[in-house]
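Trainee: Here you go, one structure.
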Amino acid sequence: MRLLVCGGAGFIGSNFARVRVHDHGDEVVVLDKLTYAGRRENLADLADSPGFALVHGAIEDAQAVASAFAESQPDAVVNFAAETHVDRSIAEPDAFVQTNWLGTHVLLEAARQKGTRYVQISTDEVYGSIGEGSFTESSPLAPSSPYAATKTGADLLVSSYVHTYGLPAMVCRGSNNYGPFQYPEKLIPLMVLSALHGERLPVYGDGLQVRNWLYVTDFAHAIGCVLAKGVPGEVYNVGGPDECPNLEIVNRIVELTGADPRLIEHVRDRPGHDRRYSLSSAKVRTLGWEPQVRLEDGLADTVDWYRANPWWWEPIRSGEYRDYYERHYGRALSTD
Ligand code: NAD
Ligand code: TYD
């Protein structure tokens, strides 16, 4: 297949591109704005693959999108491009509306002109928090944060393009992903790098919030199933095999890294913090998908990957991240 992968220089998009090139022999063109979270390094090993190209541009820029379509001539578009961090969306929501909502609209318009198959990558956060049980695709949408609200808006735009214009589009809603190449603003890589550097481990509130953890290559394979066998107009939830409270994740990272447990520090809670996410994956399983990686193994592999790849995170810790960390956590990173 020829794929246009928007946001493919980020965490999940780069893992997806790698799976498509290596396992399926697809020709992949990535369109990416290369924000703080999008990095050429994430795709370095694909640079010489046949048909692979990285186009620098924003999805809200219709000209950049038109050039990427012209270069890729795609059989399908997969849209990962987004501002993705809930804490940043609380502090500065503007870019979230711009990219997640308006940008998705520009992409949908380009796909509509060519009738291109389209997969929108979305999140369990569109459903809000759930006390017991798991969200299905027909659960009501109740986003809590500006991030989740802009992702919900994008999902609804996709649905409108299916109903109004007959665009062959699907939405794939993943639960919390983890694995290699995840920017260390998110819980797992932040805690791993902080533990490896002997820095404090900031747990929001009581730390008993529950997330439904999905290893990133499992998500990539699920998206592949939706791409190949998904029915236009349908939404597919993709939840990981394990749920875990944040504090337990942090405790496991402390054990895996050999850090001092006294580094764990309860800090002020996130405003509007969702208590629990849980997705039912029954529908995507009918397409032949099964998760392969349990949290216990995936977390150990992830810690090993960060430990083995300082080339990847050292430039991050000395760049924009340093300022973000100080602004958000009110203290500086340790000097390495
Ligand atoms: P990420 O922040 O690591 O990467 C986002 C990518 O999008 C980066 O490469 C960035 O440069 C690019 N980007 C940002 N604005 C852009 C713009 N205007 N135009 C083009 N590119 C732009 O995010 P991620 O964790 O890889 O998430 C990818 C997608 O999956 C997002 O849509 C997110 O909502 C969704 N998702 C993420 C998770 C998770 O746990 N990380 C779970 C479910 C769904
Ligand atoms: P995060 O990785 O930001 O993903 P999301 O908010 O999209 O689920 O956070 C995962 C959970 O970890 C969430 O409940 C917030 C919590 N958390 C902390 O307790 N401390 C931190 O420093 C971070 C980044 C997150």
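The values are calculated or read from the model by the stated rules, or taken from the named source; none is laboratory data. Everything quoted here is computed from the prediction, not taken from an experiment. In this analysis, Cβ positions are derived from the backbone assuming ideal geometry, glycine residues included, and neighbour counts consider all displayed protein chains. Accessible surface areas use protein heavy atoms only, side chains included; no ligands, DNA or RNA. Shrake-Rupley method; radii C 1.70, N 1.55, O 1.52, S 1.80 Å.
Trainee: On full extension of the chain, what length is gained from Arg112 through His24, given 0.36 nm per residue of separation minus the C-alpha to C-alpha distance?
Mentor: Length gained, Arg112 through His24: 29.1 nm.
Trainee: Starting from the Cα gyration tensor of segment 23-153, multiply each eigenvalue by 5, take the square root, and state the resulting semi-axes largest first in whole Å.
Mentor: Semi-axis lengths for segment 23-153 are 28, 17, 16 Å.
Trainee: On to the next question. Of all the accessible heavy-atom surface of the chain, with the other protein chains kept in place and a 1.4 Å probe, what percent is carbon and sulfur?
Mentor: C and S atoms contribute 51 percent here.
Trainee: Counting only heavy atoms of protein chains, what accessible area per residue, in Å², does the chain have with a probe of 1.4 Å?
Mentor: On a per-residue basis, the chain sits at 40 Å².
Trainee: Quick check: residue separation of Arg40 and Thr164 times 0.36 nm, minus the Cα distance between them. What number comes out in nm?
Mentor: Working it through step by step, the gained length comes to 40.9 nm.
Trainee: If you don't mind, there's one more thing I want to ask. Give, in whole angstrom and from largest to smallest, the semi-axes √(5λ) of the equivalent ellipsoid of segment 52-127, with λ running over the eigenvalues of the Cα gyration tensor.
Mentor: 24, 14, 11
Trainee: What does the accessible area of Phe80 come to, in Å² to the nearest 10, when a probe of 1.4 Å is used?
Mentor: Roughly 20 Å² of Phe80 is accessible to a 1.4 Å probe.
Trainee: Expressed in nm to one decimal, what extension gain is obtained for the pair Ala142 and His328 from 0.36 nm per residue of sequence separation less their Cα-Cα distance?
Mentor: Extra length available between Ala142 and His328 comes to 64.4 nm.
Trainee: Place a +1 charge on the Cβ of each Lys and Arg in the chain and a -1 charge on the Cβ of each Asp and Glu, then give the dipole magnitude about the Cα centre in debye, rounded to the nearest 20.
Mentor: 420
Trainee: Rounded to whole Å and sorted largest first, what semi-axes of the equivalent ellipsoid does the C-alpha gyration tensor of the chain yield via the square root of 5 times each eigenvalue?
Mentor: Taking √(5λ) for each eigenvalue gives 31, 22, 19 Å, largest first.
Trainee: A further question on this structure: How tilted is helix 246-257 with respect to the longest principal axis of the chain? Cα atoms for both, answer in degrees (0 to 90, nearest 10).
Mentor: 70
Trainee: Can you flag which of Lys186/Lys283; Lys114/Lys283; Lys229/Lys283; Lys33/Lys283 are past 23 Å Cα-Cα?
Mentor: Table pairs above 23 Å Cα-Cα are Lys186/Lys283; Lys114/Lys283; Lys33/Lys283.
Trainee: Once you wrap a convex hull around the alpha carbon atoms of segment 112-250, what is its projected area averaged over all directions, in nm²? Walk me through the numbers before you get to the answer.
Mentor: Values: hull surface 38.6 nm².
Mean projected area for segment 112-250: 9.6 nm², to one decimal.
Trainee: Relative contact order for segment 204-276: what is it in percent, counting Cα pairs under 8 Å that are at least 6 residues apart?
Mentor: Once normalised by length, the contact order is 55 percent.
Trainee: With an 8 Å Cα cut-off and a minimum separation of 6 or more residues, compute the relative contact order for the chain in percent.
Mentor: It comes to 17 percent, rounded to a whole number.
Trainee: Between Ala282 and Asp206, what is the label-to-label distance in nm when each label sits 7 Å out along the Cα-to-Cβ direction?
Mentor: Modelled inter-label distance: 3.0 nm.
Trainee: Here's a follow-up. How large is ³J(HN,Hα) for each residue in segment 216-228, as worked out from phi by the Karplus curve 6.51 cos²θ - 1.76 cosθ + 1.60 (θ = phi - 60°), to whole Hz, x for Gly and Pro?
Mentor: Running phi through 6.51 cos²θ - 1.76 cosθ + 1.60 with θ = phi - 60° gives 4, 6, 5, 5, 4, 5, 5, 5, x, 5, 5, 4, 7 Hz.
Trainee: If each Cα of segment 287-336 is one equal point scatterer, what is log10 of I(q)/I(0) from the Debye formula at q = 0.14, 0.20, 0.27 Å⁻¹?
Mentor: Each listed q corresponds, in turn, to -0.57, -0.80, -0.97.
Trainee: Enter the per residue convex hull volume of segment 172-222, computed from alpha-carbon coordinates, in Å³ rounded to the nearest integer. Display every interim value, and only then the final one.
Mentor: Numbers: hull volume 4.5 nm³, N = 51.
Output value, Cα hull per residue: 89 Å³.
Trainee: A follow-up question, please. Tell me the Rg and the Dmax, in Å, that the Cα atoms of segment 210-336 produce.
Mentor: 18.0, 51
Trainee: With contacts defined as alpha carbon pairs under 8 Å and 6 or more residues apart, what's the relative contact order of segment 167-240 in percent? Walk me through the intermediate numbers first.
Mentor: Numbers: 76 pairs, mean separation 43.4, N = 74.
Computed over segment 167-240, the figure is 59 percent.
Trainee: Taking a quarter of the surface of the Cα convex hull of segment 109-165, what do you get in nm²?
Mentor: 4.5
Trainee: Still on this structure, I have one more. Out of the DSSP beta bridges found with both residues in the chain, what percent are antiparallel (nearest 5)?
Mentor: Counting only bridges with both partners in the chain, antiparallel ones make up about 10 percent.
Trainee: Quick check: pseudo-label points 7 Å beyond the Cα along Cα→Cβ at Glu314 and Val97, how many nm apart are they?
Mentor: So the two model labels end up 4.2 nm from each other.
Trainee: Tell me the accessible surface of Arg112 in square angstrom (1.4 angstrom probe, heavy atoms of protein chains only), to the nearest ten.
Mentor: My reading of the accessible area for Arg112 is about 90 Å².
Trainee: Which value at 222 nm does the chain reach when only helices count, each DSSP H run of 4 or more adding -39,500 (n - 2.57), with the total divided by all residues and rounded to the nearest 500 deg cm²/dmol?
Mentor: -12000 deg cm²/dmol, from helical runs alone.
Trainee: Here is a further query. List the residues whose amide H sits under 5 Å from the amide H of Gly272, counting only those 5 or more places along or on another chain, with H placed 1.01 Å from N in the peptide plane.
Mentor: none
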